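Q: If you scroll down you'll find the structure; I have some questions about it.
Just so it is clear, none of the values below were taken in a lab; they were calculated from the coordinates. Just so it is clear, the model here is predicted, and its values are computed rather than measured. Cβ placement follows ideal geometry from the backbone for every residue including glycine, while neighbour counts extend to all protein chains displayed.
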Amino acid sequence: MNIDLKQFIRDVPDFPKKGIVFKDITTLLKNPDALKLTLNILYDKVKDMKIDKVVGIEARGFIFGAMLAEKLNAGFVPARKPGKLPAAVTKQSYELEYGTDTIEIHKDAISKGDRVLLHDDLLATGGTAKAACELIEKLGGNLVQTLFIIELDFLNGREKLKNYKVDSLINYSSE
């Protein structure tokens, strides 16, 4: 089946603020064939990597991250915004356009030497993904792959992840 996944991505102008064209994957998620195809393509890219844990970044990274973990017979680890995880956490702050933000993972979620896949739906500027990579390494994980559905090439997020293996399914060179 040769389907262009881009056809299932909806552009939402001026979201979350004026001037941004948001790439919405909910149109892909609601289509069972596109959902299954996306999962299978993601899985095919990592199925031979012997993954122990899949880290999914809040919130849309949880969707395929958890499904990939199940298919890979791996554990799933949520990377969340501050104050959302109930037990002891390790946190990493990162720069935003105006200010900083933080991402957290439970301290006991990743064991030393675990082979880890990081997944999120979209790679934009790379700040959140880089912070998640640093958290994985802080906890002793061996980050073997970062994997995204969409990459916004024009925001150069891959540059922040230059020390990691990066892959994405759909690339946009402009808004």
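Q: Simple spin-label model, 7 Å along Cα-to-Cβ: E95 to K18 in nm?
A: 2.7
Q: For segment 133-175, list residues with backbone N below 20 Å from a point placed 7 Å from the Cα of Y43 toward its Cβ?
A: So the set is 145-150, 167-170.
Q: With only alpha-carbon atoms counted, please give the Rg and Dmax of segment 11-89, in Å.
A: That works out to 15.0, 43 Å for Rg and Dmax.
Q: What is the Cα radius of gyration of segment 86-136 over 2.2 N^0.38 Å, N being its residue count? Walk me through the numbers on the way to the answer.
A: Values: Rg = 11.8 Å, N = 51, 2.2 N^0.38 = 9.8 Å.
The reported ratio for this selection is 1.21.
Q: DSSP loop (so not H, G, I, E, B), at most 11 other Cβ within 10 Å: list which trypsin sites (Lys or Arg not before Pro) in segment 1-81 pass both filters. Walk me through the numbers before you get to the answer.
A: Working: sites: K6, R10, K17, K18, K23, K30, K36, K45, K47, K50, K53, R60, K71, R80; in loops: K17, K18, K30, K47, K50, R60.
Here the trypsin sites (Lys or Arg not before Pro) that fit, given the DSSP loop and packing criteria, are K17, K18, K30, K50.
Q: With a cut-off of 16 Å, note down the residues of segment 72-100 whose backbone N falls inside the zone around a label point 7 Å from the Cα of K138 toward its beta carbon.
A: Residues 78-96, 100 fall inside that zone.
Q: Could you work out the relative contact order of the chain? I mean the mean sequence separation of Cα pairs under 8 Å and 6+ apart, divided by the number of residues, in percent.
A: Values: 338 pairs, mean separation 29.6, N = 175.
About 17 percent, as a whole number.
Q: Which loop-located chymotrypsin sites (Phe, Trp or Tyr not before Pro) does segment 52-126 contain, where loop means any DSSP state but H, G, I, E or B and the Cβ has at most 11 other Cβ atoms within 10 Å?
A: On the way: sites: F62, F64, F76, Y94, Y98; in loops: Y98.
Hits after loop and neighbour filter: Y98.
Q: So what are the three principal axis dimensions of segment 49-172 from its Cα atoms, in whole Å, longest to shortest?
A: Each principal axis gives a Cα extent; for segment 49-172 these are 35, 31, 24 Å.
Q: For the chain, what does -39500 (n - 2.57) per DSSP helix run (n ≥ 4), summed and divided by total residues, give at 222 nm, in deg cm²/dmol to the nearest 500?
A: On the way: 5 runs with 47 residues, N = 175.
When only DSSP H runs of four or more count, the value is -7500 deg cm²/dmol.
Q: Which parts of segment 21-58 would a label at E175 reach, counting a residue when its backbone N lies under 20 Å from a point 7 Å out along Cα-to-Cβ?
A: Correct set: 21-26.
Q: Using 32 Å as the Cα-Cα cut-off, could you pick out the over-long pairs in K18/K71; K45/K130; K36/K84?
A: On the way: K18/K71 39 Å; K45/K130 20 Å; K36/K84 29 Å.
Check vs 32 Å cut-off fails for K18/K71.
Q: What distance in nm lies between label points placed 7 Å from Cα along the C-beta direction at K6 and E58?
A: Simple spin-label model gives 3.3 nm for this pair.
Q: Still on this model: Roughly how many debye, to the nearest 20, is the charge dipole of the chain about its Cα centre, given +1 on each Lys and Arg Cβ, -1 on each Asp and Glu Cβ, and no other charges? Walk me through the numbers on the way to the answer.
A: On the way: 26 positive and 25 negative charges, 77 e Å.
Here the size comes out at about 360 debye.
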